[in-house]
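Here the structure is laid out as C-alpha cells; the discussion comes afterwards.
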Amino acid sequence: MTDPTAAWAALMRVHATLVPALDRELQRTHGLPLTWYDVLAELDEAPHRRLTMGDLGDVAMVSRSRVSRVVDELVDAGLVTKESNPADGRSAYAVVTTQGRRRLRQARPSYLAAVERGFTANLSIREAETVARALGKVLAAGGPDD
C-alpha cells in the first residue's frame, strides 16, 4: 500500500511549484499578484459584487488576517472600494470597481492558460474529476480546528 501521506506531500509540492509560477505569470503579463486576482475574482462572483471582510476572508485564498491588507492594496490601486455595512457598524464591504472588473477580465485568459499548462493539461478528465472530488471531501470535512 502507498504511504497515505504521499497525496499530501504531492499536493504540497504541486502547490509550492505552481502557485509561485502562476503569480509570476500574472504579475509579468498584467501587473496583478495572484492574491489580487483571487480577491477580485471572489468579489466579482459575489452578490452585488461585494463581500464583508469576514466573508472575503472565508473564501479567498489569502489568510483571514491578511485579507484586509490585500483589500487596502486593491483600494490604493483603484480596483476595490470599501463601503460601510449599515447592518453592522463594525464591518465593511469590499466592492470590486469597474476598473477592477476590467483588470480581472483582461487577466482571466492568462490565468486560465497558466492553469491549463501547469495543471489540467497533465491530467485526464477522469483524473481531474477524481482530484476535485477527493479535495472536495477534504474541504467539506473542515480543517483540524473545525
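Numbers for the structure displayed
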read-out	value
Lone unmet requirement of (1) in contact with a strand residue (DSSP E or B) (Cβ under 8 Å, 6 or more places away or on another chain); (2) closer than 28 Å to residue 140 by Cα; (3) charged (D, E, K, R); (4) surrounded by fewer than 19 Cβ atoms within 10 Å (Cβ to Cβ) for residue 66	(1)
Test: residue in region 125-145 that is surrounded by 14 or more Cβ atoms within 10 Å (Cβ to Cβ), basic (Lys, Arg) and at pLDDT 95 or above	no
Subset of region 96-124 (residues that are assigned to a helix (DSSP H, G or I), within 19 Å of residue 48 (Cβ to Cβ) and among the β-branched types (Val, Ile, Thr))	98
Criterion violated by residue 93 - all others in (1) touching a strand residue (DSSP E or B) at 6+ places or on another chain (Cβ under 6 Å); (2) in a helix (DSSP H, G or I) satisfied	(2)
Condition check for residue 127: in contact (Cβ under 8 Å) with a residue 24 or more places away in the chain and over 26 Å from residue 26 (Cα atoms)	no
Neighbours by Cβ (under 7 Å, 6+ apart or cross-chain): first from region 23-34, within 18 Å of residue 62 (Cα to Cα); second of a type in the set (Val, Ile, Thr)	34/19
Candidates 51, 22, 40, 34 - the one that is over 17 Å from residue 109 (Cα atoms) and surrounded by 12 or more Cβ atoms within 10 Å (Cβ to Cβ)	51
All positions within region 69-96 that are of a type in the set (Ser, Thr, Tyr) and surrounded by fewer than 16 Cβ atoms within 10 Å (Cβ to Cβ)	84, 91
Unique match (being of a type in the set (Lys, Arg), out of contact with any Ser or Thr (no Cβ under 6 Å at 6 or more places or on another chain) and under 15 Å from residue 32 (Cα atoms)) among 64, 90, 101	101
Evaluation of residue 9 against (1) assigned to a helix (DSSP H, G or I); (2) at pLDDT below 90; (3) closer than 21 Å to residue 135 by Cα; (4) not aromatic (Phe, Trp, Tyr) (one fails), failing number	(2)
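The values are calculated or read from the model by the stated rules, or taken from the named source; none is laboratory data. Small disclaimer: the values here were computed from a predicted structure and weren't measured. Reconstructed Cβ throughout: ideal geometry from the backbone, glycine too, with neighbour counts over all protein chains shown.
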